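What follows is a single structure, written as structure tokens, with notes after it.
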Ligand SMILES: N[C@@H](CCC(=O)N[C@@H](CS)C(=O)NCC(=O)O)C(=O)O
């Protein structure tokens, strides 16, 4: 049954069908997409049910063993208790909310409008931000591509400012949308001022600022902040932004970097 399911969505060519092994989430602390699942696991008290492990434990993201579970070679990846490999962070989040609905807070808004708002913010994040986020910290084919990516991030921040209701994304209830957005904002809050000359990511975006402050006061939010920020600091200590050509790009004032 599980093998058939895995094949039908084209993942997990080699599926381990152990019965009732502990579920595993493959990801690392700095991964913003993985952090949204980590946040949900902790908020719902699922640490006894799901282990969070590094892809390195099975040879890394591009190892044959990992690629057999997730052909995209990306994290996060959940391998369920039944041995079913489930990739894509938002799919994993929704599965966790559904599968463990009776465990801890629902993290689902109680009204159709709240749920739509949460889904919309998550969709904007996943469709328009995640695909370009590498412009903040990776080598790029061209300086133009990096500058366009940064411009896109600034634009999508304004879009999110118009969506977030406060104090949480969907209003008074913490939802999976908060889990999805917050780790990426840890990237924005550190990288954009430090390497791209932004004065303040939240300037002119009062709703996002209030939301950020709310999330920083949440115990799991604070923990995610420390983990993701710690990973980014590690990159900084290893001169990542110089080595990936970013410092040189930003020195070129013919392009706009700060918004
Ligand atoms: N749409 C995917 C994106 C996953 C993704 O890009 N993950 C990054 C880490 S946050 C990754 O695995 N990067 C390594 C690579 O692409 O080689 C999701 O939401 O899970």
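The values are calculated or read from the model by the stated rules, or taken from the named source; none is laboratory data. Predicted, not measured: the structure shown is a model, and the values here were computed from it. Note that each Cβ is placed from the backbone with ideal geometry, even for glycine, and that neighbours are counted across all protein chains shown.
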_Need the failing condition index for residue 150 against (1) in contact (Cβ under 8 Å) with a residue 60 or more places away in the chain; (2) farther than 30 Å from residue 252 by Cα; (3) crowded, with 17+ Cβ neighbours inside 10 Å; (4) not assigned by the TED database to the domain that holds residue 58, just the number._
(2)
*Which members of segment 63-102 meet the condition of being more than 15 Å from the ligand (Cβ to nearest atom) and surrounded by 14 or more Cβ atoms within 10 Å (Cβ to Cβ)?*
68, 80, 81, 82, 83, 84, 97, 99, 100
*Of the conditions (1) under 18 Å from the mean Cα position of the chain (by Cα); (2) in contact (Cβ under 8 Å) with a residue 40 or more places away in the chain; (3) within 16 Å of the ligand (Cβ to nearest atom), residue 140 clears all except one; give me its number.*
(1)
*Here are some conditions: (1) at positive phi; (2) free of Cβ contacts under 8 Å to residues at least 60 places away in the same chain. Residue 171 meets all but one. Which one does it not meet?*
(2)
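Does residue 221 qualify as being within 18 Å of the chain's Cα centre (by Cα), loosely packed, with under 14 Cβ neighbours inside 10 Å and in contact (Cβ under 8 Å) with a residue 24 or more places away in the chain?
Working: within 18 Å of the chain's Cα centre (by Cα): yes; loosely packed, with under 14 Cβ neighbours inside 10 Å: no; in contact (Cβ under 8 Å) with a residue 24 or more places away in the chain: yes.
When the stated conditions are applied, residue 221 does not pass them.
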*Residue satisfying condition, being part of a helix (DSSP H, G or I), touching a strand residue (DSSP E or B) at 6+ places or on another chain (Cβ under 8 Å) and at negative phi, within set 146, 117*: 117
*asked:* For segment 155-168, which positions are in contact with a helix residue (DSSP H, G or I) (Cβ under 9 Å, 6 or more places away or on another chain) and at negative phi?
replied: 155, 156, 157, 159, 160, 161, 162, 163, 164, 165, 167, 168
_It is to be established whether one or more residues within segment 202-209 are out of contact with any strand residue (DSSP E or B) (no Cβ under 7 Å at 6 or more places or on another chain), within 15 Å of the ligand (Cβ to nearest atom) and not in a helix (DSSP H, G or I)._
no
